[in-house]
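This report concerns only the one structure given below.
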Amino acid sequence: MYNRKRLVGGTGASFLVVALVGLVVLSSGTAYAAPLAAGSGFTVEADEIRSDEFLLYPGAGQNDAGQTPVVVVEQRGVEIDGLVLTREQEVPMMDGTMEIKFTASETVKADQQFIKLTGMEAKSAEFNGQVINAQPSDNPEQQFQQTAGENADPEQGYLTNISGEAPGTVQKDVKIDMAYLASNEITLPGLDVSVDYNSGGTDDSGNTDESSSSNESSK
């Protein structure tokens, strides 16, 4: 029996995904996913995500529950507007929870990104030169793939002439549940990092009993 998971939801959000945001990656080749994804993962939200080239395929990943099926997304030429990355988890050796939040006040730009995600929602999604292909292969990651943009290699029909020019994808009002994110090179202008601590949990009305916060910003 298959363990079905919601991979994509929302109006016009094909398989897609597109994720991205290398957000917490501040230097070339650095993946901040490991410490942030120690729990069930982390959440990335954005007003709009654009990428020139896009590739999607099934894979496996890990969160603190262990091994889990994921959708792998690789993309190039990424731009993100309104980036917000959040992670909520327990605090070591303390009673309470903390929320770590990364925000960028201007457009985030990333060269290349490798993402493992477990869920995604988008209000709308556009693909240029989109190809969804099931094909024979000994490698399960190559048996089903989605591409868009300049890396797409579509077959041409009698009536269709599918192009793969950039931008490959444009997604609006996006929310992505991630387990891993790595960026080759990324710029985060107006970066702000905040930590909110809840020491008392929530009461019956859903309000937190006691909390504190700290802020750190880099611009």
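Observations on the model:
- Sorting 138-147, 51-60 by their mean Cβ neighbour count within 10 Å, with the most densely packed peptide first, gives 51-60, 138-147.
- Summed side-chain charge close to ASN161 - residues other than ASN161 whose Cβ falls under 14 Å, Lys, Arg +1, Asp, Glu -1: -3
- Positive-end extreme of charge dipole, segment 101-151 - chosen from GLN113, THR147, SER137 (charges on Cβ): GLN113
- In this structure, ILE162 and VAL195 have a Cβ-Cβ separation that, at R0 = 41 Å, corresponds to a calculated FRET efficiency of about 0.30.
- Full-extension gain in nm, MET93 to GLU126, via 0.36 nm per residue minus C-alpha separation: 7.3 nm
- Every Cα-Cα pair in segment 84-174 was counted, and those over 21 Å apart are 55% of them.
- Ranked by how many other beta carbons lie within 10 Å on average, peptides 64-70, 165-171 from highest: 165-171, 64-70
- Per residue solvent-accessible surface (Å²) - segment 38-95, probe of 1.4 Å: 46
- Pair-distance profile P(r), taking every C-alpha pair of segment 83-126, with 10 angstrom steps and integer %: 16, 38, 32, 12, 1
- Paramagnetic reach from ALA60 in segment 100-116 [backbone N under 19 Å; point 7 Å along Cα→Cβ]: 115-116
The values are calculated or read from the model by the stated rules, or taken from the named source; none is laboratory data. These figures come from a predicted structure and were not determined experimentally. Every residue, glycine among them, receives a Cβ derived from its backbone with ideal geometry; neighbour counts consider all protein chains shown. Protein only, heavy atoms only, side chains kept; ligands, DNA and RNA dropped before computing areas. Shrake-Rupley method; radii C 1.70, N 1.55, O 1.52, S 1.80 Å.
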